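Here is the structure we will look at, set down as structure tokens.
The values are calculated or read from the model by the stated rules, or taken from the named source; none is laboratory data. This one's a predicted model, so the numbers in the text were calculated from it and none came from an experiment. Note that each Cβ is placed from the backbone with ideal geometry, even for glycine, and that neighbours are counted across all protein chains shown.
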Amino acid sequence: MIKVRNLVKAFGTRVVLRNISFDIAPGEFITLLGVNGAGKTTLMSMVATLSKPTAGTIFIGDMDTREHAAYIRRYIGLVSHKTLLYDDLSGEQNLRFYARMYDVQNPSERIEKVLREVGLWGRQKDPVRTYSRGMQQRLAIARAILHNPPILLLDEPDTGLDQGATSMLGELLAAVGTAERTVLMTTHNLERGLSLGQRVLMLSDGKIAVDAPRDEVSVAELSRFYRQ
Amino acid sequence: MSAGTARSAQRDTLGLVLTVISGLMMITGLYLALVFAPPAMNLQTAVERFTQRVLYFHVGAAWVGFFAFFITFAAGIGYLWRRSFFWDNLANASVEIGLTFMTMVLVTGSIWAKPTWNTWWTWSPRLTISAIGWLMYIGYLMLRSAIDNPARRARFAAVYGIVAFISVPINFMAIRWWRDIHPAVVASSSSEGTGGFDMSPNMTMTLMFCIAAFTVFYGTLLYHRMRLGKTQHEVETLKQEVLYR
Amino acid sequence: MPQNLSSSISSDSVIAHRPPQFSYLRKVGAIAGKDIAAELRTKEMMSAMFVFSLLVIFIFNFAFDLRTDNANTLAPGVLWVAIAFAGMLGLGRSFITERDRGSLEGLLLAPVDRSAIYFGKFLGNVLFISVVEVVILPLFIVFFNQPLDIIVPLSGVVVLGTIGFAGVGTLFSAMVIHTRARDVLLPIMLFPVVVPVLLSAVRLTAGILDKLPFEDVQNWLGLLVAFDLIFLAVSYMMFEYVVEE
């Protein structure tokens, strides 16, 4: 589903990713780990076609993200550590706007369905600024799955959430990552990362330090990278 | 890149040659402008005749100023197309030099305007466009200094350099439709402005030489400034390599 | 809590989307529409712009001692300074609202050409400034004791001026959100570039107030239209470079 080949990304003189290659199969749930500044968000934004590789290629399906970015965007949903929502609009207005941006058919039905699934139906008329952090994050997920993308990118979806909201989010994410959906998630929570992801990628010094199924790695082993 | 690094560590023969040539040309230009060129015959007072000589530098500086901004415009297109440090370095260096010359244009213009027009400043089209150009490229440098990410800085600067330069002729046309009291010196056919004067062949020769001297001087400054920019860039790269190794 | 999310992933149609007829225009409208919906909820920006433009008119009144006998000389300038400063407030906010929650990223993720984002934001900005103008113009006529029938030609000039101003302003607004000191940078970058808009708009307004024949001001109208077209095209081409990472 996602093929990354010899990927290099540099910001000016600073090289963030050095020659990275990996494959993600359809339906896989991947957890991407690494210290702050390891390049997780950079990698995510390149997969999401928001930023262009300095060298190397990313294929979504069989399409090069550089050449078919506008087309590929239809197939990708992103939950970032920011909500990507408009605080002054209601939850429904936010989704209605994004439904038009993604040419979603029967937007009203789809919006109701998605809102029910994230447990926000009933609050849809309230401005987003009145939502709690956890509710905003759930709406952000609703936004990301609104157009039913086969690829879901979750960039630290648990940032700034309290204990209760985080466990709710965990259930939601487990439900979102179905067999038909390929998920790439970054997190700082090693335990959650290991419990949700089927496979773990660890970025360190701009390279992939670990690429293993979750059964073959332990929290202790992974936390070693954070202490360096 | 590595060949360039090696070369810049060596002695800079080209830079030396350029510096010497432009130094000689500037001294010759000074001699021509202050001693060789005859005084303008149709000007009334001695002060007017004397300040008229500022023209040789004023026109040269104005030419270099706008030419430098044109180079920034072209380098902006080059950067957006090739995305290489070279074009960004060129654009930045050219703005800095262009601004220096533009400042000189405004100052020499005022010096000339006081005895001739009896005012330091007047909102004539050429003065106004020079002042607006000056402000625009001050804005360019402020924009650059307000962005930390080098790639974004180069990209935004390229965009602004392009938009700003395209606005210059439109700006000039708009301002020109006001009454123009600026003498059209070089294209003397429509010399309806006050303070105009006839150019003798020796004066024309001096003016042309000064324009040439300023252009070579611009090239020399550009060369040195870009070399400095490249060194800064290399230091930055080495720092990053050490820090993020 | 969320139970059966998989049910929302219909296996037959992975992506439900409408055939892309008028899709581009619908998205431009959607972007402008959500800006308007957000503004209608708070009305923060519009009221600030409106009060600010009124204050500009008052301050000019105090500063220049406006009277009926000199009103026609000063009024066009006062009107356009008021519009320009109020517009600057709106333009400055335009992309800041997209930045707070990263929604600019959300726009960039959408399957639509970058230019739709530019035109959507541009349209929203033009509408915001226009609403302020709709309130300001009658007040302008009242304060400067003008005949009511000038409102029709004046509205035309105001629309053309606003398009030129917001066209470049929207592009620069998208740039300054990535800079430090973004609030001060926008006017510094924008005003020198839009001088032709202000000049021609002021001249056209003066022409209308003085009841000049159309031939006397048609140059200015041509210049204003040309500026609008050129800078909309340039901004359209440059916007992609501004929003890419």
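May I ask you to verify whether C:V142 is part of a helix (DSSP H, G or I) and not charged (D, E, K, R)? If you could, list the steps in order and put the result at the bottom.
Values: part of a helix (DSSP H, G or I): yes; not charged (D, E, K, R): yes.
Spelling it out, C:V142 is indeed part of a helix (DSSP H, G or I) and not charged (D, E, K, R).
I'd like to verify a number: residues in the stretch C:212-245 that are in a helix (DSSP H, G or I) and either over 21 Å from B:I166 (Cβ atoms) or among the polar types (S, T, N, Q) (or both), how many? Give the steps one after another, and end with the answer.
The first filter runs over the stretch C:212-245 and keeps only residues in a helix (DSSP H, G or I), leaving C:214-243.
With the extra rule that they be either over 21 Å from B:I166 (Cβ atoms) or among the polar types (S, T, N, Q) (or both), the set shrinks to C:214-219, C:235.
Of the residues in that region, 7 qualify.
Residues of the stretch A:83-97 that are touching a Leu at 6+ places or on another chain (Cβ under 9 Å), in contact (Cβ under 8 Å) with a residue 40 or more places away in the chain and within 14 Å of C:L107 (Cα to Cα): A:T83, A:L84, A:L85, A:N94, A:L95. Within the stretch B:140-165, the residues that satisfy the criterion of being assigned to a helix (DSSP H, G or I), farther than 17 Å from B:F70 by Cα and away from chain A (no Cβ under 14 Å) are B:M142, B:L143, B:S145.
With respect to A:T49, is the statement that it is within 11 Å of chain C (Cβ to nearest Cβ), buried (at least 21 other Cβ atoms within 10 Å of the Cβ), of a type in the set (S, T, N, Q) and closer than 23 Å to C:L25 by Cα true? Criteria met by A:T49.
So which residues in the stretch A:77-87 are more than 7 Å from chain C (Cβ to nearest Cβ) and either among the basic types (K, R) or crowded, with 21+ Cβ neighbours inside 10 Å (or both), if there are any at all?
Quick first cut of the stretch A:77-87, residues more than 7 Å from chain C (Cβ to nearest Cβ) only: A:77, A:79, A:81.
Answer for the stretch A:77-87, where residues must be more than 7 Å from chain C (Cβ to nearest Cβ) and either among the basic types (K, R) or crowded, with 21+ Cβ neighbours inside 10 Å (or both): A:G77, A:V79.
Among the residues making up the stretch A:61-82, those that are under 26 Å from A:R138 (Cα atoms) and touching a residue at least 60 places away in the same chain (Cβ under 8 Å) are A:R74, A:Y75, A:I76, A:G77, A:L78, A:V79, A:S80, A:H81. Residues that are under 30 Å from C:E244 (Cα atoms), within 14 Å of chain B (Cβ to nearest Cβ) and out of contact with any Cys (no Cβ under 9 Å at 6 or more places or on another chain) occur at least once in the stretch C:112-134.
Among residues of the stretch B:215-244 that are within 14 Å of chain A (Cβ to nearest Cβ), those with a beta-carbon under 9 Å from a residue that is among the acidic types (D, E) and not in a helix (DSSP H, G or I) at least six positions away or on a different chain give the pairs B:Y244/A:D205. With respect to the conditions (1) buried (at least 20 other Cβ atoms within 10 Å of the Cβ); (2) away from every other protein chain (no Cβ under 12 Å); (3) over 24 Å from B:I170 (Cβ atoms), C:D210 lacks only one, and its number is (1).
State which residue is farthest from the other protein chains (Cβ to nearest Cβ) when the search covers only the stretch C:152-199 and only residues that are among the polar types (S, T, N, Q) and over 28 Å from B:N149 (Cβ atoms).
First, the residues of the stretch C:152-199 that are among the polar types (S, T, N, Q): C:155, C:162, C:170, C:173, C:179.
This time we only want the ones that are over 28 Å from B:N149 (Cβ atoms), so: C:155, C:162.
Values: C:S155: 22, C:T162: 17 Å.
Among those residues, the one meeting the criterion is C:S155.
Number of residues in the stretch A:1-21 that are out of contact with any Phe, Trp or Tyr (no Cβ under 8 Å at 6 or more places or on another chain) and either within 14 Å of another protein chain (Cβ to nearest Cβ) or crowded, with 19+ Cβ neighbours inside 10 Å (or both): the value is 12.
The residues of the stretch A:125-155 that are outside any helix (DSSP H, G or I), surrounded by fewer than 19 Cβ atoms within 10 Å (Cβ to Cβ) and either within 12 Å of chain C (Cβ to nearest Cβ) or of a type outside the set (G, A, S) (or both), listed by number, are A:K125, A:D126, A:P127.
Out of curiosity, is C:V81 modelled with pLDDT of 90 or more and under 24 Å from C:M189 (Cα atoms)? Outline the logic, then answer.
Values: modelled with pLDDT of 90 or more: yes; under 24 Å from C:M189 (Cα atoms): yes.
Criteria met by C:V81.
The residue list B:A113, B:A93 contains one member that is farther than 18 Å from B:L221 by Cβ and either part of a helix (DSSP H, G or I) or without any contact (Cβ under 8 Å) to a residue 24 or more places away in the chain (or both), which is B:A113.
For the stretch B:15-38, give me each residue that is modelled with pLDDT under 90 and in a helix (DSSP H, G or I). Working first, answer last.
Within the stretch B:15-38, the subset modelled with pLDDT under 90 is B:33-38.
B:A33, B:L34, B:V35, B:F36 - these are the residues of the stretch B:15-38 that are modelled with pLDDT under 90 and in a helix (DSSP H, G or I).
Do you know which residues across the stretch C:138-149 are touching a residue at least 24 places away in the same chain (Cβ under 8 Å) and crowded, with 17+ Cβ neighbours inside 10 Å?
Within the stretch C:138-149, the first condition is being touching a residue at least 24 places away in the same chain (Cβ under 8 Å), and the residues that meet it are C:139-140, C:143-146.
C:F140, C:F143, C:F144, C:Q146 - these are the residues of the stretch C:138-149 that are touching a residue at least 24 places away in the same chain (Cβ under 8 Å) and crowded, with 17+ Cβ neighbours inside 10 Å.
To keep it simple, each residue is scored yes or no on (1) surrounded by 15 or more Cβ atoms within 10 Å (Cβ to Cβ); (2) in contact with a Pro (Cβ under 8 Å, 6 or more places away or on another chain).
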{"site": "B:G23", "(1), (2)": "no, no"}
{"site": "B:Y31", "(1), (2)": "no, no"}
{"site": "B:V35", "(1), (2)": "no, no"}
{"site": "B:Q44", "(1), (2)": "no, no"}
{"site": "B:R49", "(1), (2)": "yes, yes"}
{"site": "B:F57", "(1), (2)": "yes, no"}
{"site": "B:A61", "(1), (2)": "yes, no"}
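C:M88 passes every criterion in (1) at pLDDT below 90; (2) in contact with a helix residue (DSSP H, G or I) (Cβ under 9 Å, 6 or more places away or on another chain) apart from (1).
Looking only at residues of the stretch C:21-51 that are under 14 Å from the mean Cα position of the chain (by Cα) and more than 10 Å from chain A (Cβ to nearest Cβ), we find that the one that is nearest to A:F97 (Cα to Cα) is C:A32. Screening A:T49 with (1) touching a His at 6+ places or on another chain (Cβ under 9 Å); (2) on the phi < 0 side of the Ramachandran plot gives one miss only, at (2).
Is one or more of the residues making up the stretch A:33-51 more than 15 Å from the chain's Cα centre (by Cα), of a type in the set (S, T, Y) and modelled with pLDDT of 90 or more? No, that holds for no residue.
The set of residues in the stretch A:180-228 being among the β-branched types (V, I, T) and surrounded by 14 or more Cβ atoms within 10 Å (Cβ to Cβ) consists of A:T182, A:V183, A:T186, A:T187, A:V200, A:I208, A:V210, A:V217.
Which ones in the stretch A:88-124 are assigned to a loop (DSSP other than H, G, I, E, B), at the interface with another protein chain (Cβ under 7 Å from one of its Cβ atoms), buried (at least 17 other Cβ atoms within 10 Å of the Cβ) and touching a strand residue (DSSP E or B) at 6+ places or on another chain (Cβ under 7 Å)? Result: A:D88, A:L89, A:Y102, A:D103. Would you point out the residue of the stretch C:60-96, among those that are surrounded by fewer than 19 Cβ atoms within 10 Å (Cβ to Cβ) and among the β-branched types (V, I, T), that is farthest from the other protein chains (Cβ to nearest Cβ)? Looking at the filtered set, the residue picked out is C:T68.
Quick one: B:L80 ticks every box in (1) surrounded by fewer than 20 Cβ atoms within 10 Å (Cβ to Cβ); (2) touching a residue at least 40 places away in the same chain (Cβ under 8 Å); (3) farther than 24 Å from C:L185 by Cβ except a single one, so which number is it? So B:L80 meets the others, but not (3).
Can you find even one residue in the stretch B:116-139 that is more than 15 Å from the chain's Cα centre (by Cα), assigned to a helix (DSSP H, G or I) and aliphatic (A, V, I, L, M)? I'd like the intermediate steps shown before the answer.
Taking the stretch B:116-139 and keeping what is more than 15 Å from the chain's Cα centre (by Cα), we get B:116-125, B:128, B:139.
Add one more test, that the residue is assigned to a helix (DSSP H, G or I), and what stays is B:116-117, B:125, B:128, B:139.
Subsequent filtering for residues that are aliphatic (A, V, I, L, M) retains none.
No, that holds for no residue.
Looking only at residues of the stretch C:97-135 that are touching a strand residue (DSSP E or B) at 6+ places or on another chain (Cβ under 9 Å) and part of a helix (DSSP H, G or I), we find that the one that is surrounded by the most Cβ atoms within 10 Å (Cβ to Cβ) is C:L109.
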